[in-house]
Amino acid sequence: MTSASQKQSEGNRGALLGFAAYLIWGVFPLYFKALEPAGAWEVLCHRIIWTMVFCLIALAAKRRLGYLRELLANPQQLGAITIAAVLIAINWAVYIQAVVSGHTVEAALGYFLNPLVTVALGVLVLREKLRVMQSVAVAIGIVACVYLAIDYGHPPWISVVLALSFAGYGLMKKRIGGSMDALESLGAESTVLTPIAVVVLIVITARGDTTFTTHGAGHAVLLLTAGIVTAVPLLLFAAAARRVPLVTIGLLQFVTPVLQLLCGVLLLGEHLDFARWVGFGIVWVALALLTFDSLRAAGRSRRLARAATSAAI
């Protein structure tokens, strides 16, 4: 197999892995609905605890648990991991609560808004400069939020918090950099959160609100699988990100909110009236502009790289 065909094969494999990751994330509403009558806090605690268990077992099998000692010896990195952990915990808590309370559609909107918020954070925090079309896309996204706030009678808080927390999480992951792989990072984040999750779970149990031991073996097994359900798509995504361009990942990420929207409307019986469809439509216009700009920028970069290679030869 030639180098070009190997590269294409790896790229195709990466695209499939990425699609699988976003597909799993997209059907999460069905998983969290299946966990009823467990409340959002109980589900969140089990998700954190069993994710930690899964990651530590996997890392122990690879003999890579030593990285935790290195992390404890590096206060700056530990602080960044802690902030990332808090942000993803907020994201998980709000998302789970949205699904179990019948607001899956609003949660889907949050993940449609996420790319726009990520671009905005790049400007505000990293002092990045926006291209013209990126600026227009962010402006249209703001218009969409204002329109939906007027329609709802209040800002779409679920969407906004999900978009901000996940974009902030991505920003912290960027600052952490490549010092840890996906499994190590998730293991560290869940380990930081586990003591809090255990305390909350003890309180829930003491109040008699736990469902883990009171709703049958099937329900308990579903809660136990929360760690696998959390870790597997993240590992698939990490494997995909190594094999495909960022633009491909950017296009694939829309699979998740589309599936969440479909789950909410078609399978979970949530209603989306015409005014809300208009709001979603405005967001989609912004995303279309952002995607077009990313594709154009990627094409320009490839042309420049080819030109530089030709000049060097």
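Any read-out appearing in this document is the output of simple, stated calculations on the displayed coordinates, not a laboratory observation. Keep in mind it's a predicted model, so treat the numbers as computed, not measured. We place every Cβ from the backbone using ideal geometry, glycine too, and count neighbours over all the protein chains shown.
The figures follow:
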quantity: Matching residues in the stretch 204-221 - criterion: being part of a helix (DSSP H, G or I) and surrounded by 13 or more Cβ atoms within 10 Å (Cβ to Cβ); calculated: Ile204, Thr205, His219, Ala220
quantity: Selection from the stretch 165-184 of residues that are within 18 Å of Pro257 (Cα to Cα) and surrounded by fewer than 20 Cβ atoms within 10 Å (Cβ to Cβ); calculated: Gly170
quantity: Qualifying position, being over 18 Å from the mean Cα position of the chain (by Cα) and not acidic (Asp, Glu), among Leu289, Leu235; calculated: Leu289
quantity: Any chance Thr248 is more than 16 Å from Ser159 (Cβ to Cβ), hydroxyl-bearing (Ser, Thr, Tyr) and crowded, with 17+ Cβ neighbours inside 10 Å; calculated: yes
quantity: Filter result for the condition that a residue is assigned to a helix (DSSP H, G or I), over 16 Å from Thr51 (Cα atoms) and touching a residue at least 24 places away in the same chain (Cβ under 8 Å), over Ser165, Ser185; calculated: Ser165
quantity: Residue check for Ala238: crowded, with 16+ Cβ neighbours inside 10 Å, closer than 27 Å to Ser9 by Cβ, among the hydrophobic types (A, V, I, L, M, F, W, C) and out of contact with any Pro (no Cβ under 7 Å at 6 or more places or on another chain); calculated: yes
quantity: Test result for Leu224, touching a helix residue (DSSP H, G or I) at 6+ places or on another chain (Cβ under 9 Å), within 21 Å of Leu44 (Cβ to Cβ), in contact (Cβ under 8 Å) with a residue 24 or more places away in the chain and surrounded by fewer than 18 Cβ atoms within 10 Å (Cβ to Cβ); calculated: yes
quantity: Residue identified as part of a helix (DSSP H, G or I), under 18 Å from Ser185 (Cα atoms) and either in contact with a Phe, Trp or Tyr (Cβ under 8 Å, 6 or more places away or on another chain) or not hydroxyl-bearing (Ser, Thr, Tyr) (or both) among Val86, Val43; calculated: Val86
quantity: Residues of the stretch 94-148 satisfying the condition of being over 24 Å from Val278 (Cα atoms) and of a type in the set (Asp, Glu); calculated: Glu128
quantity: Residues of the stretch 83-141 that turn out to be on the phi > 0 side of the Ramachandran plot and in contact (Cβ under 8 Å) with a residue 24 or more places away in the chain, as a count; calculated: 1
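Yes/no per residue for (1) under 15 Å from Leu193 (Cβ atoms); (2) within 17 Å of the chain's Cα centre (by Cα); (3) assigned to a helix (DSSP H, G or I):
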| residue | (1), (2), (3) |
| --- | --- |
| Ile24 | no, yes, yes |
| Tyr31 | no, yes, yes |
| Glu36 | no, no, no |
| Met52 | yes, no, yes |
| Ile57 | no, no, yes |
| Leu68 | yes, no, yes |
| Leu78 | yes, no, yes |
